[in-house]
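The block underneath contains the structure these notes are about, expressed in structure tokens.
The values are calculated or read from the model by the stated rules, or taken from the named source; none is laboratory data. Just so we're clear, the structure is a prediction, and the values are computed from it rather than from any experiment. Note that we place each Cβ from the backbone using ideal geometry, even for glycine, and neighbour counts take in every protein chain shown.
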Amino acid sequence: MLYDIALDAVGSDNAPEPEIRGAILACRALPVRVHLVGPEAELRDQLDDMLENEEQPIVIHHASERIGMDEKAAHAVRTKRDSSMRVGLKLVRESKAAGFVTAGNTGAAMATAKMVLGALPGVDRPALATPMPSATGHPCVLLDVGANVDCKAHNLEQFAIMGEMYARTVLKIENPRVGLLSIGEEETKGNDLTREAFPLLKALPIRFIGNVEGRDIFSGQADVIVCDGFVGNVALKTSEGVGRFVRDVLRESLTRTVTAQVGALLSRKAFNDFRQRLDYREYGGAPLLGVRGVCIIGHGSSNDRAIFNGIRVAYEFAKGGTTARIEQEFAGRMKRNHATSSPDGLDATIH
């Protein structure tokens, strides 16, 4: 059985080459049929050149518009009705694709997904959740990492519920520990948002461990860490920068100090393991939790390997029925907690 995955072919900084190459890699390795979404003539020429008569289950869906990284999300989503994001997400809504992957404008992807797919009942704002490496060897889920720059306390409460379910159902972490990202462990530390959110998370039927600090993202102290999208995105980008810095310094040190051939081989293996553990491209993008469908949002600088892993994550979500399971559990959890919400954001009736 092939799983149909829609891919925004003109989303990344260097599109469409990484998307097309990533789609080919995915079709070679996974039981998927990739639907490339974008300008058909441009995609067809490049796809034919890269395949070189190789047969792969890749189809093209024409979309005449693309949303740039520098465009304001709300305006672009409303005016570009034939964008690659909207066309791709419609394939998911119409059950013609089991998931959607993009490395494009994060805000536009979130807004379009909310409009086209719709939010889960009780969810005001979907959140981007990304697994981060930790000292324990098990990832720590950080959310939100960029979908919502400004949040209210009840948004963080919903992020905590969705993040805990994601860690439990997808990452198979039993009874995950949930922390609130702040500037100190004490309940009184932080800003107005974290201080208001703390008692809300504390009242939830989850394993809330209180405030955690930035260093705890990697320490393994928490399995899920909740924050607003501004703080989360800064933490994510800082982590990527530190990871690249450490990787480059380590490579330079190994090249300079290791002389014996056997030692060089062992060090190279250890270095490659270290690099892979920190490389965001191996995680395949962040799932957008809280919408009615699979939507994976990757890094704008994604290469073909990152695109491949984004398709892999979408395939795994679809195969496991993860979105439906989270929807069912979230609905039950919110009903049990008698949670209330005040929907905000863009008009979800736009199609």
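List of remarks:
- Scanning segment 187-227 for residues being surrounded by fewer than 24 Cβ atoms within 10 Å (Cβ to Cβ) and assigned to a loop (DSSP other than H, G, I, E, B) gives a total of 14.
- Residue match in segment 161-173 (condition: closer than 19 Å to Leu289 by Cα, crowded, with 16+ Cβ neighbours inside 10 Å and free of Cβ contacts under 8 Å to residues at least 24 places away in the same chain): yes
- Filtered residues of segment 79-110 (kept if buried (at least 24 other Cβ atoms within 10 Å of the Cβ) and of a type in the set (A, V, I, L, M)): Met85, Leu89, Val92, Ala97, Val101, Ala103, Ala108, Ala109, Met110
- Within this structure, Val92 passes the test of being of a type in the set (A, V, I, L, M) and modelled with pLDDT of 95 or more.
- Residues in segment 19-49 that are in contact with a strand residue (DSSP E or B) (Cβ under 9 Å, 6 or more places away or on another chain) and of a type outside the set (A, V, I, L, M): Glu19, Gly22, Cys27, Pro31, Arg33, His35, Gly38, Pro39, Glu40, Arg44.
- Checking each residue in segment 174-186 for being surrounded by fewer than 18 Cβ atoms within 10 Å (Cβ to Cβ), within 26 Å of the chain's Cα centre (by Cα) and over 28 Å from Gln328 (Cβ atoms) picks out only Ile183.
- Here Val77 passes the criteria (1) modelled with pLDDT of 95 or more; (2) touching a Lys or Arg at 6+ places or on another chain (Cβ under 9 Å) except the one numbered (1).
- Checking Val149 against (1) in contact with a strand residue (DSSP E or B) (Cβ under 8 Å, 6 or more places away or on another chain); (2) aliphatic (A, V, I, L, M); (3) in a loop (DSSP other than H, G, I, E, B), the condition it does not meet: (1)
- Breaking point among (1) closer than 30 Å to Arg312 by Cα; (2) assigned to a loop (DSSP other than H, G, I, E, B), for Gly184: (1)
- Any hit, segment 121-135, residues being crowded, with 18+ Cβ neighbours inside 10 Å, part of a helix (DSSP H, G or I), among the aliphatic types (A, V, I, L, M) and under 17 Å from the mean Cα position of the chain (by Cα): no
- When residues of segment 50-78 are limited to those that are touching a strand residue (DSSP E or B) at 6+ places or on another chain (Cβ under 6 Å) and either more than 12 Å from Asp8 (Cβ to Cβ) or of a type in the set (Asp, Glu) (or both), the one surrounded by the most Cβ atoms within 10 Å (Cβ to Cβ): Ile58
- In segment 189-201, residue farthest from Ala153 (Cα to Cα) [restricted to those that are modelled with pLDDT under 95 and in contact with a strand residue (DSSP E or B) (Cβ under 8 Å, 6 or more places away or on another chain)]: Lys189
- Verdict on Ala318 being at pLDDT 90 or above, under 14 Å from the mean Cα position of the chain (by Cα) and either crowded, with 24+ Cβ neighbours inside 10 Å or not β-branched (Val, Ile, Thr) (or both): no
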